[in-house]
1. One residue is enough: does segment 51-73 have a residue meeting the conditions free of Cβ contacts under 8 Å to residues at least 40 places away in the same chain and either hydroxyl-bearing (Ser, Thr, Tyr) or in contact with a strand residue (DSSP E or B) (Cβ under 9 Å, 6 or more places away or on another chain) (or both)?
2. If I filter segment 198-249 down to residues being under 18 Å from Glu82 (Cβ atoms), at pLDDT 90 or above and outside any helix (DSSP H, G or I), which single residue comes out as farthest from the chain's Cα centre (by Cα)?
3. Looking at Leu139, is it surrounded by 23 or more Cβ atoms within 10 Å (Cβ to Cβ) and modelled with pLDDT of 95 or more?
4. Provide a single number: the residues in segment 147-163 that are over 13 Å from Ile119 (Cβ atoms) and either in a loop (DSSP other than H, G, I, E, B) or modelled with pLDDT of 95 or more (or both).
5. Filter segment 55-107 for residues that are of a type in the set (Phe, Trp, Tyr) and within 23 Å of Pro155 (Cβ to Cβ); which is farthest from the chain's Cα centre (by Cα)?
6. Go through Pro189, Pro149, Pro206 for me and flag whichever is touching a Phe, Trp or Tyr at 6+ places or on another chain (Cβ under 6 Å) and either touching a residue at least 60 places away in the same chain (Cβ under 8 Å) or surrounded by 22 or more Cβ atoms within 10 Å (Cβ to Cβ) (or both).
7. With the structure loaded, tell me whether Ala167 is touching a strand residue (DSSP E or B) at 6+ places or on another chain (Cβ under 8 Å) and buried (at least 22 other Cβ atoms within 10 Å of the Cβ) or whether it fails that test.
Amino acid sequence: MLLFRSLIFVFFHIVTAVIFSLLGVLLWPLPFKWRYYAVSRWAVLNLWLLDKICGVRYEVVGRENISDQASVILCKHQSSWETLALQAVFPPQVWVLKRELLWIPFFGWGLASLKPIAIDRSAGRQALSQIIEQGKKRLSAGYWVVVFPEGTRIPSGKMGRFGIGGAKLAVEAGVPVVPIAHDAGKAWPRHGFIKYPSVIKLVIGPEINSCDKTPTELNQLVQQWMTSQMTTLEGQQATISAKQGATDG
């Protein structure tokens, strides 16, 4: 039954991705906020489908920590689920992601319409400079910037080593960081096809001021908070994984 439900969800997930990606291309001439609202309805729809078809629901703790100031989101990366949930929970946002995602037919077209910061993670300093330069422009325009500091999806029970890009962007732009932890891996495992009925908890932490901090200090504060939250959510102390993106992903 779980396999059958997951098959149905994936079918609608793909079909709706094609439809909304084409919509994003058609709406490209419109202002970004209008285009973002239309395309991000795909994420909201798929969260609803995930609930109705697979029995995967979620609850949010800490909505009061979302301020009116566009900030840098440093989010735990366990699953594909959080890429949907962030669009449903936060104001208009752009993501730091690997450029290869834009090459995926249909999906990549819709993703490109949302003005992501698409980097070559093997480019090192050049990729970091791109995050800082483009990220500051997005923030000044009033858009939140989402960074997955672990750089790749990390299995439940583990923590990836943090890339410096998100913290450095926050420090140089003079904006706070909002840390996010969640346990989506139990319902939508990394590289997993089966979706397991459960209630995912997404925890939004208090914003962390970047002033008078180095990127390394800021990263350490976020990682300490995230490790503590993940230990509470998963009931076990997270171990450090060797996996990490070259910069951020």
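The values are calculated or read from the model by the stated rules, or taken from the named source; none is laboratory data. The structure displayed is predicted, hence computed values, not measured ones. Note: ideal-geometry Cβ built from the backbone for every residue, glycine included; neighbour counts use all protein chains shown.
1. Yes, there is a match, as at least one residue in segment 51-73 is free of Cβ contacts under 8 Å to residues at least 40 places away in the same chain and either hydroxyl-bearing (Ser, Thr, Tyr) or in contact with a strand residue (DSSP E or B) (Cβ under 9 Å, 6 or more places away or on another chain) (or both).
2. It comes out as Ser198.
3. So Leu139 does not fit the description; no.
4. Looking only at that region, the number is 11.
5. In this case the residue turns out to be Tyr58.
6. Going through Pro189, Pro149, Pro206 in turn, just one is touching a Phe, Trp or Tyr at 6+ places or on another chain (Cβ under 6 Å) and either touching a residue at least 60 places away in the same chain (Cβ under 8 Å) or surrounded by 22 or more Cβ atoms within 10 Å (Cβ to Cβ) (or both): Pro149.
7. Spelling it out, Ala167 is indeed touching a strand residue (DSSP E or B) at 6+ places or on another chain (Cβ under 8 Å) and buried (at least 22 other Cβ atoms within 10 Å of the Cβ).
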